[in-house]
Amino acid sequence: MSGEKHAHPAAEPLPGRVLEQTGVDVARCYQCGKCSAGCPLAAEMDYPPSQIMHLLQLAGEFPEFAEMALRSHTAWLCLTCEICYCRCPMELDIPKVMDALRHEALRKKKVNPKAKDILAFHRAFLDSVKHTGRLFEMGQVVDYKLRSGHFLQDLLQAPWMFLVGKLHLLPERVRDRRQLKRIFARTLKARENRP
Amino acid sequence: MKTGFYPGCSMKGSAREYSESLLAVARVLGRELPEVPDWNCCGATAAHNLDHDLALALPARILAAAEKKGMDEVLVPCAACYSRLKVTRHELLEDEKLRQRISGLVEADYRGSAKVVNIIEWLAAVPDLEKLVKKPFQRKVACYYGCLLVRPAGIVEFDRPEEPQSMDLLMAKLGAKPIDWAFKTECCGAGFSVSRTDLVAKLSGLILEDAVSRGAEAVIVACPMCHLNLDLRRPNIEKRAGKKYDIPVIYITQVLGLAMGLPPKKLGLQRHKVAVKFAPAESPVPGVSAKRGA
Amino acid sequence: MARIGVFICHCGENISATVDVVKVAAEAARIPGVAHSVEYKYMCSDPGQQLVKNAIKEKNLTGVVVAACSPRMHEPTFRRACAEAGLNPFLCEMANIREHCSWVHEKGEATTQKALDIVRTLVAKVKKNKALEPIKVPVTKTALVLGGGIAGIQAALDIANSGHKVILVEQAPSIGGHMSQLSETFPTLDCSQCILTPRMVEVAQHPNITLHSYSELESLDGFIGNFKARIRRKARGLDEKLCTGCGLCMQKCPTRKIPSEFDAGLGLRPAIYVPFPQAVPNKPVIDREHCTYYRTGKCRLCEKVCPTQAIRFGQEDEIVEAEVGAVVVATGFDIKHGDFFPEYGYGKHQDVIDGLQFERLASASGPTLGEIRRPSDGKVPETVVFIACAGSRDPAKGIEYCSKICCMYTAKHAMLYRHKVHHGKPYVFYMDIRAGGKMYEEFVRRAMEEDGVQYVRGRVSRVYERNGRLVVKGVDTLLGARPLEIEADLVVLATAGVANAGAEELAQKLHVSYDAHKFYAEAHPKLRPVETNTAGIFLAGACQAPKDIPESVAQSTARRRRFILPASAASSARAPAPTRPSRRRSSAAATGRWSRPWPRSTRACARAAAPAWPSAAPNRSTSRASPTRRSMPRFWPCWNEVNAMADFNPKIVAFVCNWCTYAGADLTGTSRMKYAPQVSIVRFPCTGRIDFMLLLKAFAGGADGIIVSGCHPNDCHYSSGNFHARRRWVVFRGLMDFLGIDVRRVQFSWVSAAEGAKWAQLVNETTDRIRRLGPFADYQRLRGQGVG
Amino acid sequence: MQALRSKARELLATKTVQVIIGYASGGGGRARAVFVREAAKADALVFDDSCQQNLAVYFSKPEVRKLGKAALVATPAALRAILQLAAENQIAEGELLALAVGGDDVVPLATFAAIEAHVAARDGDWSAAEKEELQKYEAMGLEERRRFWEEQFSRCLKCYACRAACPLCYCTRCTVECNQPQWIPVPAHDLGNLEWNVMRAMHLAGRCVDCGDCGRACPVNIPLHLLNRRLIREVFTVFGSRSGRSAKGDNALSTFKPNDPEDFIQ
């Protein structure tokens, strides 16, 4: 086992990569379940947080568990409300682990299909930021609708928001947009292109 | 002490009234709030969901700009932006290598000299705030902190993560009667406003239900996202719950403005989805659309 | 003039097959001071022992070296034989030429030479040995027991019943401790008071027991057998001799609404009070903080109604001095209080209570007379949620340990609740059920099977109040970690067991050590679990760690045995400590300012840099292990020639600890593993005892390399000797390097008693390395001028 | 200097202390220790750059203690020595008043807490010159270093001036005087000199407050303080503790952490 690890550093098992990226040692989790008990969306998740932690604990030896964690809907449902981290008796930063899982799933193209809308929203959001430096709400919502296909959702809200002055038709822009493009090029884009 | 102001994207758009009320109040307090020069979006949930470095680089660029301008602290009224900026500062100051890498990304040597301050901290530091109160806001209010003002406790180091009190104390100064309720720090659904409206309706519904059942007349917030979910998404909440909620959701700065006797319109109260009106003694605040829904 | 007898054993062929024993005997006879040298087939047999005894008498020997097996094997045998022949047993040493020589080296001249070297070494040591006598310590046959809970009561009665005097000190107005607060006890569900109160009365009436209740230890000085205790008897505000305990004062006292400590804050008491009706002694105390007279200067109603005029408002604390031979510390534990659990609303909602409060609710003598009624409105709760591990096993709350008793008492609480409220619904949220103990697992099963207690596996995230009920947000991790919500009327938290608030202060008065959680530390967790590191001070009950009643009682009784042994003699005989702490007085000792229990006569600089004898050591008989102070320079072969590089056989001295590495090297022998013969083993009690000066002296004596080895961290026989040694080695290596001495010449290692193979490997590798480094000529050049 | 003198006068006149241990001009541009017991003689006190000796050394002497409560003119190193002596229970709270000097200012520090704060506020790293001095020897090869020290120690006279000058060498009977057995040979020869100096450095490891008086006291100019300094760095980098910073707590070598580094142990 350990010999293999040294032979293929890229094949470091998932728990090790999580430790490296987040500093969270999943072995410390003793499965008390307090995170799942307090998680606002545990009931919607395929694997509540404590189960994700357990999947990660076993993922080193059982690749199928690593797969289950990566393809979970949970990672995308996590709201980063931090209540699990706040109450965890072992002080494990579970939201950070969820971040790491999302990044890994994106890179390996293993995003749970149910998370399509959430991902579309995030991408639309960042696209807006990439181009203007700030969030252009109108543009983003349109972009999101195109990506998600939910054309009719919220259609009735928009005119009202426009009326009360909450929606602008033109984006606000950052002056140094080239720099932002560089930041995006060196982070998100570079990462997504990496095998 | 030079304080910079980071409005964040929503305060320029959907949460315009938060910005309007803050600036109106600041004017009365005699505080100048210059914006952080050429600020960009903090990246919000989307950035840290998709890329770690990006999630740090975007806030780092903001903080570096504030630093360069010689700002000692940056006021970040949006709780979500506050969290991103605070987390970034914490992580970069903890890890020298990371600080160098991100500094490289944002093409500035970020040092961490500017502190990140939230709206409650900023207001709590104003001396004799109660002396400025002209019309005490004599309402039973549910102070809603949400997630990101108080968590993760080790990083934000503001108030206590369970049963926080700072906003309640501030409201009491303004003459309000903060109620003891159970959902002060529960999550409203945050970044799912658009992508998972169903979940927002569920979580925000629980919050309204608890506030209303304990006799609150208004929910006080310090976060545009919370406001969006609790106010703009009210139709979705009501649809899911199968009942009507009339309770208005008011920004902390709007309450302060009202207590100071500023005109409601200057505070942007007319922009709310749910009319800011109180039964029965007080008449509806003028200038607010009485029509509900759309 | 020394007259040493050397006795070489063949051990059948175990030794003689590889070592030329005849030659060793002949060579040994030529060692200066050796008056007699013989070999024999089986030295440990009766005829062999007789050889030794006869020689002692006939040749008038002043010391004996038996060259045979490991001292761990037959040292007691030969020492007894010497004693029978009239020679002080501590003048007899074993030269281990079997495990450390004949079994681990090939047959040949080098092996024979090594055997001879070992004999020489031990001859040199015996010459320096002194006749030691067991240390007699006159003993005060009185025990001081601190703490009047069940552990202290049991210890006091056991010692008193075996005929010794006991002084029992309890800080509360009555003895009884936490056990008196309990309703019923697991796993039998018998009434706590019914078992305890007769014992309390027995304490009060026992002719051998002096009870000081409402008292505290002021100071303790002296040493085992001869402690001087000063006890502060706090002013009760009445004359105990006159008070009859009629209780009139308590009935008339106008200040009545003080939360009762005994009822864990659920009941009320007056300002003059006994904690509970069965209190021993049944004499009230005046609570000066709340008493109207002390606060306002008016009232004195109790004084007026007292039929015996016993009230004394002006009474002051009194200091009692006592001489005691031993101290039993039984100061017990507390449970964690306060608002350390905001997510559970503990300290905020009245109906979120702790385990002790539930005991009082369930107790027939409690504030509700045994009916389970919740504190907020007195309603009988329909649903009760019990939360285990509330604070325990929770590093985030600062307590990583398991409090041990909660699983059992939570099961008991749930059962008691069901017995009292038949239609009630008890839920227990738990992480693991730890029910190891006689009839314990059966008890928990009974709660689940017979009493219908619902066990839910998972931790609760939050408890909050809604419409007068408590919403418990939990989870069932066995059902896919699904969150579940229970509306309860009462929530009982099994909060963590913690050390008493005054534990640290008391430990400092007693000079006993304590752990990070302020629980008192035993001398050795396995072998000396009831003693502290300070001789004559023993531990009982939960001051050591959370414990249940049977365990506390068993341990208290064990303590009695430890006490009676020394107390039954006029003086206690203690094994002589061969390395007596220096009697030289340093300025520190002279000014009496050592505040901590460091050896009082050790010099300050030695305290920092020289090995501290692990504090337990003076109790042990290890006469072999004493080279440091008395006879250091000749403890290993003193090589006189410097080897030429060509056929360089490095000389290596191994300083090893007696408990792990020496035994490990023995195991190498019994496993017949072979290693290089150039190593010479010197035995110490502990690596903590190996002074850096010894390493220098070994180099000065011609060594080319040194091995220092002892127990692995945490395995130290004296708890921390090797930890201290490790720090000194770090510094020593730094200094050596700075002085231009190659640190590779000193190899440090941990070798346990089970690591025979590691020992062989260590010796071989070190030998190879030293061989490559070559002779330590630089140092040996210095030595030309300096061997003293 | 005037501030120092007037403070000394005041302390003696009000009988706050019975003696001031300070510096006086000693001729030849050097300072010497002086014990001022009368207010009238306070003008003997001086303080300038020549005042380098760590006066805390006198406080361990019984004859000085007999003089009564003392005020000590204290350089930063002397303050550290006081804290270290307190940590070793050699000075009790209130037995000594430290007069922290530096520039023209004099700050009376009556409590250990005050001394701790004063020391902490001015605590710093070694100067570049000091670091360089240590690095010079560390940069040498092992053999070169050995020869250097052998040459240095060959001059040692075993006069024990280093011991006498050290405020932490307060034992009433030193190991070097023990002759049952004789740990350190009495005559001055290479082996015994090495052993003595190793022992001195080891017994001060984790306790030395880095005043440098041992090196200054040496009549044959052996840079003894380098040995101590090397160990100060070792103790600080490995165990993270520095002596003379707190009046409480254990010396680095009389305590331990279960997870102390042990990569050198096989």
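What the Cα convex hull of segment A:1-152 gives, in volume per residue, is 132 Å³.
Site pair C:Glu485 and D:Gln266 shows an inter-label distance of 6.6 nm when each label is modelled 7 Å from Cα along Cα→Cβ. For chain B, averaging the sequence separation of C-alpha pairs within contact (under 8 Å, six or more residues apart) and dividing by the residue count gives a relative contact order of 18 percent. In debye, nearest 20: dipole of the protein assembly as shown around its Cα centre with unit charges on the Cβ of K, R (+) and D, E (-)? About 1420 debye. The per residue volume of the convex hull around the alpha-carbon atoms of segment A:115-193 is 87 Å³.
Normalised by 2.2 N^0.38 Å, where N is the number of residues, the C-alpha radius of gyration of segment D:2-122 stands at 0.96. Of the three principal axes defined by the Cα atoms of segment C:400-443, the extents in descending order read 35, 24, 12 Å.
Hey, what does the equivalent ellipsoid look like for segment D:81-190, semi-axes from the Cα gyration tensor as sqrt of 5 times each eigenvalue, largest first, whole Å?
Numbers: eigenvalues 235, 119, 26 Å².
Those come to 34, 24, 11 Å.
Protection proxy ranking of B:196-209, A:99-112, by the mean of other Cβ atoms within 10 Å over each peptide's residues and highest first, is B:196-209, A:99-112. In this structure, the amide hydrogen of C:Ala95, modeled 1.01 Å from its nitrogen in the peptide plane, lies closer than 5 angstrom to those of C:Val66, C:Ala67, C:Ala68, counting only residues at least 5 positions away or on a different chain.
The helix-based estimate of mean residue ellipticity at 222 nm for chain B, built from -39,500 (n - 2.57) per DSSP H run of four or more residues and divided by its residue count, is -12000 deg cm²/dmol to the nearest 500.
On full extension of the chain, what length is gained from C:His422 through C:Ala501, given 0.36 nm per residue of separation minus the C-alpha to C-alpha distance?
Numbers: separation 79, 0.36 × 79 = 28.44 nm, distance 3.86 nm.
Full-extension gain reported as 24.6 nm.
The calculated FRET efficiency for B:Gln138 paired with B:Asp180, based on their beta-carbon distance and R0 = 25 Å, is about 0.90.
Computed over every Cα-Cα pair of the protein assembly as shown and binned at 10 Å starting from 0, the pair-distance distribution P(r) comes out as 1, 7, 11, 13, 15, 17, 16, 11, 6, 2, 1, 0, 0 percent.
For D:Lys136, the aspartates and glutamates whose Cα comes closer than 20 Å to its Cα, not counting residues fewer than 8 places off in the same chain, are C:Asp737, C:Asp742, D:Asp125, D:Glu144, D:Glu150, D:Glu151, D:Asp210, D:Glu234.
Take every DSSP beta bridge whose two residues both sit in segment C:86-211; close to 20 percent of them are antiparallel.
Taken residue by residue and averaged, Cβ atoms of other chains lying within 10 Å of the Cβ of D:81-88 number 1.
Using the Cβ-Cβ distance between D:Gln135 and D:Ala114 with R0 set to 25 Å, the FRET efficiency from 1/(1 + (r/R0)^6) comes to roughly 0.10.
Between D:Phe236 and D:Ala92, the simple spin-label model (points 7 angstrom out along Cα→Cβ) gives 3.4 nm.
Efficiency by 1/(1 + (r/R0)^6): what FRET value for C:Asp317 and C:Asn226, r their Cβ-Cβ distance, R0 = 25 Å, to the nearest 0.05? The pair C:Asp317/C:Asn226 has a calculated efficiency of 0.45. Going through the cross-link list C:Lys257/C:Lys420; C:Lys234/C:Lys257; A:Lys96/B:Lys69; B:Lys277/C:Lys348, which pairs have a Cα-Cα distance over 26 Å in this structure? Beyond 26 Å between Cα atoms: C:Lys257/C:Lys420; A:Lys96/B:Lys69; B:Lys277/C:Lys348. Placing pseudo-labels 7 Å out from each Cα toward the beta carbon at C:Glu13 and C:His524 gives an inter-label distance of 3.9 nm.
Given only helices, namely DSSP H runs of n ≥ 4 each adding -39500 (n - 2.57), what is the per-residue ellipticity at 222 nm of chain C, to the nearest 500 deg cm²/dmol? Write down the numbers at each step before the final one.
Numbers: 22 runs with 237 residues, N = 788.
Rounded to the nearest 500, the figure is -9000 deg cm²/dmol.
For the protein assembly as shown, give me the percentage of DSSP beta bridges that are antiparallel, rounded to the nearest 5 percent. Of all bridge pairs located within the protein assembly as shown, approximately 40 percent are antiparallel.
Could you work out the helix-only [θ] at 222 nm for chain D, with each DSSP H run of four or more residues adding -39,500 (n - 2.57) and the total divided by the number of residues, to the nearest 500 deg cm²/dmol? Estimated from H runs of four or more residues: -11500 deg cm²/dmol.
The mean number of partner chain beta-carbon atoms within 10 angstrom of a residue's beta-carbon across peptide D:176-189 is 4. Across chain B the C-alpha pair distances fall into 5 Å bins from zero in the proportions 1, 6, 12, 17, 19, 17, 13, 9, 5, 2, 1, 0, 0 percent. Ranking of C:Lys141, D:Lys257 by neighbouring Cβ atoms within 10 Å, starting from the fewest: D:Lys257, C:Lys141.
Each 10 Å bin from zero holds the following percent of Cα-Cα pairs in segment C:1-134: 14, 50, 31, 5, 0. Highest mean packing first, where packing is the average number of other Cβ atoms within 10 Å per residue, the peptides C:460-467, D:208-215, A:21-28 line up as D:208-215, C:460-467, A:21-28. Taking the convex hull of the alpha carbon positions in segment C:190-258 and averaging its projected area over all directions gives 8.2 nm². Cross-linked pairs B:Lys202/B:Lys244; B:Lys86/B:Lys115; B:Lys177/C:Lys473; A:Lys166/B:Lys134; C:Lys404/C:Lys547; B:Lys135/B:Lys184: Cα-Cα separations exceed 18 Å for B:Lys177/C:Lys473; A:Lys166/B:Lys134; B:Lys135/B:Lys184. Pairwise Cα distances in chain D exceed 31 Å in 30 percent of cases.
Within 10 Å of each Cβ in B:182-192, how many Cβ atoms from other chains are there, averaged over the peptide?
Per residue, the number of nearby Cβ atoms from other chains is 5 on average.
Peptide packing: for C:530-543, A:63-76, the average count of neighbouring Cβ atoms within 10 Å per residue gives the ranking C:530-543, A:63-76, highest mean first.
Taking chain C, how much of its Cα-Cα pair set, in percent, is spaced more than 47 angstrom apart?
That tail contains 39 percent of the Cα-Cα pairs.
Laboratory data are not the source of any read-out in this text; all were calculated from the coordinates shown. Everything numeric here is computed off the predicted structure, so don't read it as measured data. As a convention, Cβ positions derive from the backbone with ideal geometry for all residues, glycine included, and neighbour counts pool all protein chains shown.
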